[in-house]
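The values are calculated or read from the model by the stated rules, or taken from the named source; none is laboratory data. Quantities reported herein were computed from a predicted structural model and do not represent experimental measurements. Heads up, the Cβs are rebuilt from the backbone with ideal geometry, glycines too, and the neighbour counts pull from every protein chain shown. Heavy atoms of the whole protein, side chains included, go into the accessibility calculation; ligands, DNA and RNA do not. Shrake-Rupley method; radii C 1.70, N 1.55, O 1.52, S 1.80 Å.
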Amino acid sequence: PFVPADVDGCALAFAATGNRTVNAAVADACRQRNVPCNVANAPDTGAFIVPAHFACGDLTVALSTGGHSPALARRIRMDLQQWFGARYDAIAVLLGRLRPLVLALGQETGQNTALFRALVESPLIDALAARDHAGAERILTELLPAELHPRIVELLHELA
């Protein structure tokens, strides 16, 4: 049986017993002790929710139904995970390699933002997903500042 002292010294708690009365008691004890608590059967009474999530390479996707339906969140997560597949793996790695190089050029934030948006809105994602090295190189040559052109082959190494 639960006793309020069970949460003493805890940094985080989950009230997920299947018994509403016990879960409410856990949540109340946590509130009194400033311990963040997730309440499985009453998400509005807890301090946080746990989103459904999945990772594809360096990309992590999290979603929530606001605690209304973990089953729906799980279903949507599974659908998204199947749809995403490995589609964004290469672009995430490429952008991770590219970002410090672009920032090192010392351009204004607006220029960097425009460049990264142009990259992700271009056909680059599809070229990388299709392992079209020549197409990806062409797109990068068109979009990247000239100072980075000598680095394109290195940036694409083992991606396309």
Study note, to complete from the structure: How many residues of segment 19-45 are under 30 Å from Gln82 (Cβ atoms) and either open to solvent by 80 Å² or more (accessible area, probe 1.4 Å) or more than 23 Å from the chain's Cα centre (by Cα) (or both)? The answer is 1
Check your understanding: Being more than 30 Å from Ile152 (Cα to Cα) and touching a Gly at 6+ places or on another chain (Cβ under 7 Å), is that true of even one residue in segment 74-82?
Key -> no
Study note, to complete from the structure: If you go through Ser69, Ser64, Ser122, the only one that is without any contact (Cβ under 8 Å) to a residue 24 or more places away in the chain and within 26 Å of Ile152 (Cα to Cα) is Ser122
Exercise for review: Return yes when Arg138 is without any contact (Cβ under 8 Å) to a residue 40 or more places away in the chain, under 30 Å from Arg31 (Cβ atoms) and open to solvent by 80 Å² or more (accessible area, probe 1.4 Å) and no when it is not.
Suggested key: no
Check your understanding: Here is a list of conditions, (1) open to solvent by 30 Å² or more (accessible area, probe 1.4 Å); (2) part of a loop (DSSP other than H, G, I, E, B), and Gly67 meets all of them except one; can you say which number that is?
Key -> (1)
Review point. Here are some residues: Leu72, Leu94, Leu59, Leu63. Which one is modelled with pLDDT of 90 or more and under 23 Å from Phe116 (Cβ atoms)?
Key: Leu94
**Study point:** Boolean, Leu80 is touching a helix residue (DSSP H, G or I) at 6+ places or on another chain (Cβ under 8 Å) and assigned to a helix (DSSP H, G or I)
**Key:** no
Exercise for review: Kindly indicate whether any position in segment 46-60 is over 13 Å from the mean Cα position of the chain (by Cα), at positive phi and open to solvent by 70 Å² or more (accessible area, probe 1.4 Å).
Suggested key: no
**Study point:** helices (runs of 4 or more DSSP H) fully within segment 99-153 counting 2 or more residues that are farther than 27 Å from Trp83 by Cβ and under 25 Å from the mean Cα position of the chain (by Cα)
**Key:** 109-121
Exercise for review: Collect the residues in segment 83-94 that are part of a helix (DSSP H, G or I), open to solvent by 40 Å² or more (accessible area, probe 1.4 Å) and not aliphatic (A, V, I, L, M), keeping them in residue-number order.
Suggested key: Trp83, Asp89
Review point. So which of Arg117, Arg97 is over 30 Å from Phe14 (Cα atoms), touching a residue at least 40 places away in the same chain (Cβ under 8 Å) and either among the aromatic types (Phe, Trp, Tyr) or open to solvent by 50 Å² or more (accessible area, probe 1.4 Å) (or both)?
Key: Arg97
